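See below for the structure under consideration.
The values are calculated or read from the model by the stated rules, or taken from the named source; none is laboratory data. Given the structure is predicted, the values throughout are model-derived calculations rather than measurements. Neighbour counts are summed over all protein chains in view; Cβ atoms, including those assigned to glycine, are modelled from backbone coordinates with ideal geometry.
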Amino acid sequence: MSSSIAFIGGGNMASAIIGGLLRAGHAAHEMVVVEPLAAQRQKLQAELGVQAQAAAGPELATASLVVWAVKPQMFAEAAAPCAAHVGGALQLSVMAGIGSEAIARASTSERVVRSMPNTPALIGQGITGLFARAAVSAADKSRIETVLAPTGRTLWVAQEADLDAVTALSGSGPAYFFYVLEAMIEAAQAMGLSAEQGRELALHTCAGAAALAQQSEVSVAELRQRVTSKGGTTQAALDSLAADEVAAAVQRAVRAAQQRARELGQAFGA
């Protein structure tokens, strides 16, 4: 069987995976991208050296892995011309909301893995939630992990519905942190620091806290308590956050994202 990989859609996430594969030693000629936008095709060819074509064709039949990377609302249109050529391949979806049953029907393959990556994958610092249908073998799972390894970590879930929670937590999650960082930078300026100083302090504080939590054996609650001296500055800030019910607001926001993920699945293909 051919070792080639076909990407249906050539946007940011497809580019991140392709870039990772190239860094891992895969040859550009092993990959082909179906991308209808001329400017994006030119970018893929110029920056990554991969073959990019405007429409699906018989050459897709040589691919042993097909990566679905189109916008959910474009899936049905993109899949129609591919169906006759990709049924023998392992299918990997990086699309939000499109269920594995819809992908199996459209691709005529039961070997479907759904994934939910996040944007830090663009710099190799992402985490991707994964769900496999019953027909996916252990070898198939291993290949998916290898393909995604350059983008960051992977986490398998047992139930497909859990991907909605993954979407809400990690798929959308980077935006939550950017939102907090924006507020911290604005607060820095209000206190007399420059935007550049606020950005540097906020970014390094966020990165350092995340690194400390990753390397620590204690819970994040314990880490928070260790920073908080009774009657001190951190306590004053946390009291303010508690008064504004920020923890409850964050939980409501994550659940809102989960609900929207379900709605997308119902709208574009369960």
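Regarding Gly198, is this residue modelled with pLDDT of 95 or more and either surrounded by 14 or more Cβ atoms within 10 Å (Cβ to Cβ) or not in a helix (DSSP H, G or I) (or both)? Yes: the conditions hold for Gly198.
Rundown of residues vs (1) touching a Cys at 6+ places or on another chain (Cβ under 7 Å); (2) among the β-branched types (Val, Ile, Thr); (3) assigned by TED's automatic domain parsing to the domain that holds Ala256, yes/no style:
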residue	(1), (2), (3)
Phe177	yes, no, yes
Glu182	no, no, yes
Ile185	no, yes, yes
Met191	no, no, yes
Ser194	no, no, yes
Glu200	no, no, yes
Thr205	no, yes, yes
Ala209	no, no, yes
Ala213	no, no, yes
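Taking the criterion of being in a helix (DSSP H, G or I), at pLDDT 95 or above, within 27 Å of the chain's Cα centre (by Cα) and loosely packed, with under 13 Cβ neighbours inside 10 Å, would at least one residue in the range 223-243 satisfy it? No, the range 223-243 contains no residue that is in a helix (DSSP H, G or I), at pLDDT 95 or above, within 27 Å of the chain's Cα centre (by Cα) and loosely packed, with under 13 Cβ neighbours inside 10 Å.
Residues are listed down the side, and each one gets a yes or a no for (1) closer than 30 Å to Ala211 by Cβ; (2) in contact with a Leu (Cβ under 6 Å, 6 or more places away or on another chain); (3) in a helix (DSSP H, G or I):
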residue: Ile103; (1), (2), (3): no, no, yes
residue: Ala135; (1), (2), (3): no, no, no
residue: Ala139; (1), (2), (3): no, no, yes
residue: Ser142; (1), (2), (3): yes, no, yes
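Taking Gln159 as the residue in question, decide whether it is more than 17 Å from Ala6 (Cα to Cα), surrounded by fewer than 21 Cβ atoms within 10 Å (Cβ to Cβ), outside the structural domain of Gln197 (by TED's automatic domain parsing) and modelled with pLDDT under 95. Criteria not met by Gln159.
Of all residues in the range 179-195, those satisfying the criterion of being surrounded by 12 or more Cβ atoms within 10 Å (Cβ to Cβ) and in a helix (DSSP H, G or I) are Val180, Leu181, Glu182, Met184, Ile185, Glu186, Ala187, Ala188, Gln189. As a summary of the residue check, Asp164 satisfies the conditions (1) surrounded by fewer than 18 Cβ atoms within 10 Å (Cβ to Cβ); (2) of a type in the set (D, E, K, R); (3) closer than 19 Å to Ile98 by Cα except for the one numbered (1). Where strands (runs of 3 or more DSSP E) sit wholly within the range 1-101, none has at least 2 residues that are over 22 Å from the mean Cα position of the chain (by Cα) and of a type in the set (D, E, K, R). Look at the range 80-102 and say how many of its residues are aliphatic (A, V, I, L, M) and touching a residue at least 60 places away in the same chain (Cβ under 8 Å). Summing the residues that are aliphatic (A, V, I, L, M) and touching a residue at least 60 places away in the same chain (Cβ under 8 Å) in the range 80-102 gives 6. Every listed requirement among (1) under 25 Å from Leu130 (Cβ atoms); (2) in contact with a Pro (Cβ under 7 Å, 6 or more places away or on another chain) is met by Ala54 save one, (1).
Does Ile18 fit the bill of being free of Cβ contacts under 8 Å to residues at least 40 places away in the same chain and not polar (S, T, N, Q)? Yes, satisfied. Looking only at residues of the range 94-126 that are among the hydroxyl-bearing types (Ser, Thr, Tyr), buried (at least 21 other Cβ atoms within 10 Å of the Cβ) and touching a Gly at 6+ places or on another chain (Cβ under 9 Å), we find that the one that is modelled with the highest pLDDT is Ser115.
Residue-by-condition table, conditions (1) touching a Leu at 6+ places or on another chain (Cβ under 7 Å); (2) assigned by TED's automatic domain parsing to the domain that holds Ala121; (3) modelled with pLDDT under 90; (4) over 20 Å from Cys82 (Cα atoms):
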position	(1), (2), (3), (4)
Ala28	yes, yes, no, yes
Arg41	no, yes, no, no
Ser64	yes, yes, no, no
Val67	yes, yes, no, no
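Here Ser170 meets each of (1) surrounded by 14 or more Cβ atoms within 10 Å (Cβ to Cβ); (2) part of a loop (DSSP other than H, G, I, E, B) with one exception, condition (2).
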